[in-house]
Amino acid sequence: MNAWLITGGAGFIGSNFVRMAHERIDAKLIVLDALTYAGDLARIDDILTSSKVEFIKGDICDTELVQSIFKKHQISKVIHFAAESHVDRSIFEPHAFIKTNVEGTLVLLEAARKAWGDRQDACFLQVSTDEVFGALGPDDPPFNESSPYQPNNPYSASKAASDHLVWAWHHTFGLPTIISNCSNNYGPWQYPEKFIPLMIFNALEGKPLPVYGDGLQVRDWLHVEDHCEALLTILEKGSAGETYTIGGNNERKNMYVVNMIADAVDDITGNPKGTSHELIRYVKDRPGHDRRYAIDSSRLQRELGWHAMFVFEDALYDLVGWYIWHKEWVDSVRAKDYSNSYKKQYGDI
Ligand code: NAD
Ligand code: DAU
């Protein structure tokens, strides 16, 4: 049976993708994930018993394992999500980022090259980020497929390096690769160290809401399901050797998002209005903090017919409800590693 290899499929975006692909695609889904602190099988609990899904716990840096997967299965597509993904952690501990994001990508590319030879009907889709393009000034046009690479932090440098490897494997060896660079995702199952779920949970628990610097940094929020739709569209209609930028067209300042979350939490839990706003604290800025990201997705819309469907404000309000409903899951992932890294990042606030 035709198979897709999905790396990092127990993570936030990967798990949303596996669930969508399971519904829509007639292929075996091989999910390879090391289950680091960020990976959790509960995210795909509902489909793990499906005969279409095979989960393999393993490291993408393990050449033998990765090559054995290509030998055992007829892999026609690799959708490569596995990565160390949190910028703050990359500032404390960069080594793991270089190891997984750069070396792991190399291992996968080499395994695909060996298995596929000259085959051109396969696809290696590298799921990358807008952070590789660096930071925008307030009046700059959004990033697009022609934007130059200028990564500013260890995480984005490692993703940029892996994108360069992917491009080189296409250019030099003819490997059929595609790179997608997307903006900040939000939605169900995100690990609660990231901005939106962290603010939701701190507000729910009456803890401080730590805003870095002046809170006027801008991110372009993309719903994870819109992102997964875009990836399926690219896999179906995209061309090898191309890059596609994916954004939600939702540029928002961090303070705006925190205020919205505070309002939603008060509204849903019945707190007196303004209660959660009292929790906002301005804390030391992230070193090298990129001021603004924004993405121009017009090529993806024009050439492949993809459009984002979610309305940010409505989806964010619903998401607060989703996280309240899934508090048990959040508690279970926080029980693993969360309090040490939280203390390291935020001290005693
Ligand atoms: P995540 O941290 O939630 O998930 C990463 C997954 O990769 C986890 O399940 C983890 O166990 C797994 N993993 C880590 N190291 C591994 C290794 N060595 N071998 C096998 N598996 C390993 O990340 P995410 O937010 O879902 O991001 C997925 C991908 O999308 C990443 O490549 C990231 O760079 C990219 N991306 C994320 C965003 C975003 O906003 N979250 C935006 C743009 C691009
Ligand atoms: O742009 C895509 C990238 O988005 C992805 O490639 C990364 O994997 C993903 O983690 C995300 O990176 P950011 O650094 O933009 O996301 P984060 O959720 O860490 O932070 C979003 C913004 O909120 C950023 O400006 C930093 C700020 N922030 C974050 C945290 C965790 C705070 O002000 N306080 C916080 O406590």
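Quick note: the coordinates plus some simple rules give every number you see, no bench work behind them. Quantities reported herein were computed from a predicted structural model and do not represent experimental measurements. Heads up, the Cβs are rebuilt from the backbone with ideal geometry, glycines too, and the neighbour counts pull from every protein chain shown.
Observations, loosely collected:
- FRET efficiency for the pair Lys57 and Ser298, taken as 1/(1 + (r/R0)^6) with r the Cβ-Cβ distance and R0 = 41 Å, rounds to 0.55.
- Kirkwood hydrodynamic radius over Cα pairs of the stretch 132-179, then Stokes diffusion coefficient at 37 °C and 0.692 mPa s, in µm²/s: 275 µm²/s
- Whole-number Å³ per residue for the convex hull built on Cα positions in the chain: 126 Å³
- One equal scatterer on each Cα of the stretch 125-271, no solvent, Debye formula: the resulting log10 I(q)/I(0) at q = 0.12, 0.14, 0.16 Å⁻¹ is -0.59, -0.77, -0.95.
- Note: the stretch 207-279, Cα convex hull, 124 Å³ per residue.
- Percent breakdown of C-alpha pair distances by 5 Å bin, ordered from the shortest bin, for the stretch 24-171: 2, 8, 17, 19, 19, 15, 11, 6, 2, 1, 0
- Remark: spin-label model distance Ile268-His326 equals 1.1 nm, labels positioned 7 Å along the Cα→Cβ axis.
- Taking each of Lys71/Lys344; Lys57/Lys253; Lys77/Lys284; Lys72/Lys237; Lys71/Lys194 in turn, the alpha-carbon distance tops 31 angstrom for Lys71/Lys344; Lys57/Lys253; Lys77/Lys284; Lys71/Lys194.
- A simple spin-label model places pseudo-atoms 7 Å from Cα toward Cβ; at Lys237 and Asp26 they are separated by 2.1 nm.
- Cα-only Debye scattering, the stretch 197-341: base-10 log of I(q)/I(0) at q = 0.17 Å⁻¹: -1.07
- Computed from the alpha carbon atoms alone, the convex hull of the stretch 66-125 holds 76 Å³ per residue.
- You can think of it this way: the chain between Asn340 and Phe92 has 88.0 nm of extra reach, that is 0.36 nm per residue less the Cα-Cα gap.
- Each 5 Å bin from 0 upward holds the following percent of the Cα-Cα pairs of the stretch 271-329: 4, 11, 9, 14, 17, 19, 14, 8, 4, 1.
- Dipole in debye (nearest 20) - the chain, about Cα centre, beta carbon charges: Lys, Arg +1; Asp, Glu -1: 620 debye
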